[in-house]
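Asks: I'd like to ask some things about the structure below.
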Amino acid sequence: MNRRYRKTIIAGNWKMNKTITETKEYAAEMREILGKPKWCEAVLLVPPVNLQAGVRAFKDVKISIGTENCHYETSGAFTGECSAEMVKEAGAKYVVLGHSERRAYYNETDMDVNKKIHAALRAGLRPILCVGESLEERELGVTMEKITYQLKCALAGVTPEQVRRIVVAYEPIWAIGTGKTATSAQAAEVCGAIRTLIRKTYGARVARSMSILYGGSMNAKNAAELLSNEDIDGGLIGGASLEPKTFLEIINASNQD
Ligand code: PEP
């Protein structure tokens, strides 16, 4: 983390978990234990159907609310989808785009992710753009090639002013939901390389102010070490965000001097 230049963000990705009732229960427990996060912005990314209830339930809890996907069109015949405008009006501040589960299970391409980034920015959302390599790609030594490709596609046509609204999450696919975390050195190396790429394309100021998160089995035990790296500005956390106490421990791990 480098709190002088950029925000630390601890974001929980609930995926397809929690009903509205469970969302309210989570908020009630957090209200009791959280207080005011000292150094980070805590965020929960919830299913779109939970957005309105979530925003209401967390109103007096210092946690921002976002969601996990949006469509790139404003409206139309896209059964089962929500537009960026819809989730924005329902109260989302952030939206996760390009998560590896959406790429794998819903065939989302890099070009789709690019269109979604533009739609989210137009709607006034802050995208959390996920990039990451498979185990096979890491073993072949093409991690940075893959991430460079994903970033270049996702950010095509995005202005430096707009890039300032984007958070990037480095999520090695092999570490998501597997209990295998990238080592602190592996995560720091890739997050640092992402910042270098942003610097080359958008300039030093934009790169310095961008929050770059690590995601992939981050938990209460490994968070402090990962977050002690200069280029890791927070975490995108799946499983370990589902219990308020565990999520709080990760939030507290960002309270380092
Ligand atoms: C994720 O889904 O973005 C994620 C990092 O999940 P987990 O923390 O469970 O690996």
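The values are calculated or read from the model by the stated rules, or taken from the named source; none is laboratory data. Since the model is a prediction, treat every value here as computed from it, not as a measurement. Here the Cβ is made from the backbone with ideal geometry for all residues, glycine too, and neighbour counts use every protein chain on show. The protein model used for the area step is the full one, side chains on, heavy atoms only, and it has no ligands, DNA or RNA in it. Shrake-Rupley method; radii C 1.70, N 1.55, O 1.52, S 1.80 Å.
Asks: What whole number of Å gives the distance from the Cα centroid of the stretch 112-128 to the Cα centroid of the stretch 201-252?
Replies: 21
Asks: Just the ratio, please: alpha-carbon radius of gyration of the stretch 116-189 over 2.2 N^0.38 Å, N its number of residues.
Replies: Numbers: Rg = 13.8 Å, N = 74, 2.2 N^0.38 = 11.3 Å.
Normalised by 2.2 N^0.38 Å, the Cα Rg of the stretch 116-189 equals 1.22.
Asks: On to the next question. Sort all Cα-Cα distances of the chain into consecutive 5 angstrom bins from zero, then give the percent of pairs in each bin up to the one containing the longest distance.
Replies: 1, 6, 14, 19, 21, 18, 13, 6, 2, 0, 0
Asks: For the chain, with all protein chains present and a 1.4 Å probe, just round the carbon and sulfur fraction of the accessible area to a whole percent. Intermediate results must be reported in sequence, preceding the final value.
Replies: Values: 5990 of 11750 Å².
Within the chain, the accessible surface is 51 percent carbon and sulfur.
Asks: Which entries in 62/93; 7/200; 18/245; 116/146; 7/180; 24/88 show an alpha-carbon gap greater than 24 Å? If you can, show how the numbers build up before the last one.
Replies: Values: 62/93 13 Å; 7/200 21 Å; 18/245 16 Å; 116/146 19 Å; 7/180 26 Å; 24/88 20 Å.
Cα-Cα > 24 Å for 7/180; rest within.
Asks: To continue, here is another question. Please state the charge dipole magnitude for the chain, taken about the Cα centre, from unit charges on C-beta atoms (+1 on K and R, -1 on D and E), reported in debye and rounded to the nearest 20. Don't jump to the answer; show the numbers that get you there.
Replies: Working: 34 positive and 30 negative charges, 198 e Å.
Once rounded to the nearest 20, the dipole reads 960 debye.
Asks: Please compute the per residue accessible area over the chain with all protein chains in place, 1.4 Å probe, rounded to a whole number of Å². Kindly include the intermediate steps, with their values, before the conclusion.
Replies: Numbers: 11750 Å² over 257 residues.
Spelled out: the 1.4 Å probe surface of the chain, per residue, equals 46 Å².
Asks: Let me ask another. What is the stretch 152-257 by shape, rounded, prolate or oblate, if you read a ≥ b ≥ c off the alpha carbon gyration tensor as root eigenvalues and call it rounded for a/c under 1.5, prolate for a/b larger than b/c, and oblate otherwise? Display every interim value, and only then the final one.
Replies: Details: a/c = 1.96, a/b = 1.80, b/c = 1.09.
It comes out prolate by the Cα gyration axes.
Asks: Let me know the charge dipole size of the stretch 1-138 about its Cα centre in debye, to the nearest 20, where only the beta-carbon of Lys, Arg (+1) and Asp, Glu (-1) is charged. Write out the running numbers ahead of the final one.
Replies: Numbers: 22 positive and 18 negative charges, 177 e Å.
Roughly 860 debye, rounded to the nearest 20.
Asks: Which peptide among 230-236, 200-206 comes first, and what is the full order, when sorted by highest mean count of other Cβ atoms within 10 Å?
Replies: Details: 230-236: 24.9, 200-206: 14.0.
Descending mean neighbour count gives 230-236, 200-206.
Asks: If you don't mind, another one. What shape does the stretch 1-81 take by its C-alpha gyration tensor, where a ≥ b ≥ c are the square roots of the eigenvalues and a/c under 1.5 counts as rounded, a/b above b/c as prolate, and the rest as oblate? Show your work: numbers first, answer last.
Replies: Working: a/c = 2.77, a/b = 1.37, b/c = 2.02.
Because a/c hits 1.5 or more and a/b fails to exceed b/c, the stretch 1-81 counts as oblate.
Asks: Putting +1 on Lys and Arg Cβ atoms and -1 on Asp and Glu Cβ atoms, find which of 80, 172, 202 reaches farthest to the positive end of the dipole of the chain.
Replies: Final value for the positive-end residue is 202.
Asks: Which loop-located chymotrypsin sites (Phe, Trp or Tyr not before Pro) does the stretch 11-95 contain, where loop means any DSSP state but H, G, I, E or B and the Cβ has at most 15 other Cβ atoms within 10 Å?
Replies: Values: sites: 14, 26, 39, 58, 72, 78, 94; in loops: 14, 39, 58, 72, 78.
Hits after loop and neighbour filter: 78.
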